[in-house]
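The values are calculated or read from the model by the stated rules, or taken from the named source; none is laboratory data. Since the structure is predicted, the reported quantities are computational estimates derived from the model, not experimental observations. Glycine also receives a Cβ, built like all others from the backbone with ideal geometry; neighbour counts cover every protein chain displayed.
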Amino acid sequence: MENTIVKEHLRLRRVFEKHCIHLQRLQWRLIAGGLAALAAVGVAQQSQTTAEDGVRQYQNMTPEQRAQATRAFLGLGPEPDKAAAARGAPVYQQNCAFCHGPQARGATGPNLITSDQVLGDDRGEHLLPFLKQGRPEKGMPAFAAMPDQELKDIAEFLHLQVEEVANRGAYRVLNILVGNAAKGQEHVASHCMSCHTAETFAHIASRFRSPEQLQRGWIWPSRAGNERLAVTATVKTADGATLTGRVTQVSDFRILLVDSAGQTHVVDRGPGAEVKMNDPLEPHQRMIPTLTNDDMHNVTAYLDTLK
């Protein structure tokens, strides 16, 4: 009888120890999961911060720096040799343009801007043997007798066409200060001063890095970091409660508000719910369809003088 009790005691002890081990493992898994979740949140926040910093850095780059950064991001390869491309342009026009178009966008032959042969080439290492061999079965002649330097120049011409299409960082905005500043001042006085004061426009040009950003800024001001331009709403729920706050999401079915205390409220827009929106940029929404090109150029020319 005593041996039976001892055996049962040992069995129960082993069961208990086994459960303790399982509990300990579960605890460590929960801790690890929590740490992983915290790490994920931290990475997400860091990624968001890094992305915002990256955007600011990109905006502050010179056009040349933006072109290089965009080229690297898109994997466009080395910067095309513009001198070689200039030499290759007439050779391309004479031998290739009648099939592929004057800018290699395609004609009776395919578009070369999206060609795997062109995009996979850096300095002619793939295009030279391809051009020498040709594709006679598809109507493309072989250029075996053409000197290597001319073939390389054609390759650089094609790379430059890809660059001009794909590299938005290399795009250059033309001078937009072509308006009449006096007429722009008249437009501001007659169309803007009912909402704004003179202080609104004081030194406004110094707040922007370029005239094109100034023009974009006065036509549609950025809401980022400007609480005064945030869309707000007053919502009366079906049960009679009233909520007011900044709108973070809105649809036909629900609206999300963040109140002054930072608390988020989700309100269903069902029967009985009333929503009154307030968008500080609504006057700009009404203004945009009425603006002519002359209006935009004139106002921008005037505002550019307020530095």
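Summary of computed values
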read-out	value
The one condition in (1) more than 24 Å from the chain's Cα centre (by Cα); (2) assigned to a helix (DSSP H, G or I) that G217 fails to fulfil	(1)
Only one of A97, A107, A86 that is in the same structural domain as E150 (by TED's automatic domain parsing) and modelled with pLDDT of 95 or more	A86
Selection count, region 230-285, where residues are closer than 27 Å to I219 by Cα, outside any loop (DSSP other than H, G, I, E, B) and either without any contact (Cβ under 8 Å) to a residue 12 or more places away in the chain or charged (D, E, K, R) (or both)	5
Residues that are touching a Ser or Thr at 6+ places or on another chain (Cβ under 7 Å), closer than 30 Å to L128 by Cβ and either polar (S, T, N, Q) or part of a loop (DSSP other than H, G, I, E, B) (or both), drawn from region 148-185	N167
Positions within region 110-155 being on the phi > 0 side of the Ramachandran plot, modelled with pLDDT of 90 or more and loosely packed, with under 14 Cβ neighbours inside 10 Å, in sequence order	none
